[in-house]
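So the structure is just underneath, and the comments pick up after that.
Nothing in this text is a laboratory measurement; each read-out follows from the coordinates by a stated rule. Remember, it's a predicted structure, so these values are computed and weren't measured experimentally. Positions of Cβ are generated from backbone atoms using ideal geometry, with glycine treated the same way; all protein chains shown enter the neighbour counts.
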Amino acid sequence: GAQRRLTRMVKPLLQQATIAYANLEGPAAAGVNAAGQSVRDPGLRFDNVVYTSYPMFNYHPSLIEDLVSSGIDVVSTANNHSLDRRALGADRTIDELEAKNLPYTGTHRAGDTTSPWHTITEAGGFRVAWIACTFGTNGIPDPRRQVLLCYDNADVVEREVRSLAADR
């Protein structure tokens with residue numbers, strides 16, 4: 001009913017945009033519980049174990065396909081819910097984004113110390129660099145340094161911006 005009507009109204013607007021950017025407010029990690037452990041995936045079912053809502057989100061990975069088909073061109077993965085499924089959830093979310101060729105910025109895989117924190121998209125004859133960061137992860141520790149923190153990593157953010165500005 002109402003959701004389908006809204007989709008029919010919004011999707012064409014997103015698809016008309018030269019570049020559409022969205023915040024992925026939580027992981028899209030198949031088969032990961034709130035403790036960050038791999039568990040049996042329930043499939044397309046909200047089970048309140050793997051796929052959950054507030055206060056610790058986890059979306060079914062099909063959401064990423066929906067974002068792409070709706071016209072979203074790039075997403076931020078840096079937000080207070082980035083680690084709602086811990087390191088494994090962040091890794092699986094990145095796997096899904098890359099499998100669907102949806103550029104992202106704001107998180108890295110566990111142990112990745114070489115990839116840039118930014119992504120670049122090209123549209124309408126322009127190259128646009130994107131960098132996302134967050135103030136925190138709702139108290140969830142980030143021992144593998146997967147999330148770019150705006151204040152704690154201010155030097156990293158500044159270095160990325162300066163490098164991108166110099167590489168016009």
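Counting just the residues of segment 130-151 that are part of a loop (DSSP other than H, G, I, E, B) and of a type in the set (Ser, Thr, Tyr), which one comes out nearest to the chain's Cα centre (by Cα)?
For segment 130-151, the residue satisfying everything is Thr137.
Can you find a residue in segment 149-160 that is closer than 29 Å to Ala30 by Cα, β-branched (Val, Ile, Thr) and surrounded by 13 or more Cβ atoms within 10 Å (Cβ to Cβ)?
no
So, in segment 80-107, of the ones that are in contact (Cβ under 8 Å) with a residue 40 or more places away in the chain, assigned to a loop (DSSP other than H, G, I, E, B) and of a type outside the set (Asp, Glu), which residue ends up surrounded by the fewest Cβ atoms within 10 Å (Cβ to Cβ)?
That would be Asn80.
Exactly one of these conditions fails for His60: (1) surrounded by 18 or more Cβ atoms within 10 Å (Cβ to Cβ); (2) touching a residue at least 40 places away in the same chain (Cβ under 8 Å); (3) part of a loop (DSSP other than H, G, I, E, B); (4) of a type outside the set (A, V, I, L, M). Give me its number.
In the conditions (1) surrounded by 18 or more Cβ atoms within 10 Å (Cβ to Cβ); (2) touching a residue at least 40 places away in the same chain (Cβ under 8 Å); (3) part of a loop (DSSP other than H, G, I, E, B); (4) of a type outside the set (A, V, I, L, M), His60 misses (2) alone.
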